[in-house]
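Bear in mind these aren't lab numbers, they're just calculated from the coordinates by the rules spelled out. Please read all numbers here as calculations on a predicted model, not as lab measurements. Methodologically, a virtual Cβ is constructed for each residue, glycine included, from the backbone with ideal geometry; neighbour enumeration extends over all protein chains shown.
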Amino acid sequence: MIVFVRFNSSHGFPVEVDSDTSIFQLKEVVAKRQGVPADQLRVIFAGKELRNDWTVQQVDQSTTAFMCIAKAPVKECSRENSGYSAAPAGRQRSP
């Protein structure tokens, strides 16, 4: 089965998978091709994020469509741990 994938809004490309291939396995194929970790990818189809344990067959692809795969945003560290201070320069923040 051929699944058309669009990675981070780039041009689409076909990926050949079996119908019982899980969404996570699809992520692994795309990750290898794009050089990013599979656990940082999200698969979007018909406006919904697909779960890793679903299979390609479970996704209703009755019409030819792209599965969009996007790299998930990096989690930012919290302000408390970053050394960030909201106090203006030259003034110390009280403990």
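Percent of C-alpha pairs per 10 Å bin in region 2-75, short distances first: 20, 62, 17, 1. Maximal additional length on extending the residue 58-residue 39 stretch stands at 4.8 nm, based on 0.36 nm per residue less the C-alpha distance.
Arranged by the count of other C-beta atoms within 10 angstrom, fewest first, what order do 28, 16 take? Walk me through the numbers before you get to the answer.
Details: 28 16, 16 9.
Lowest count first: 16, 28.
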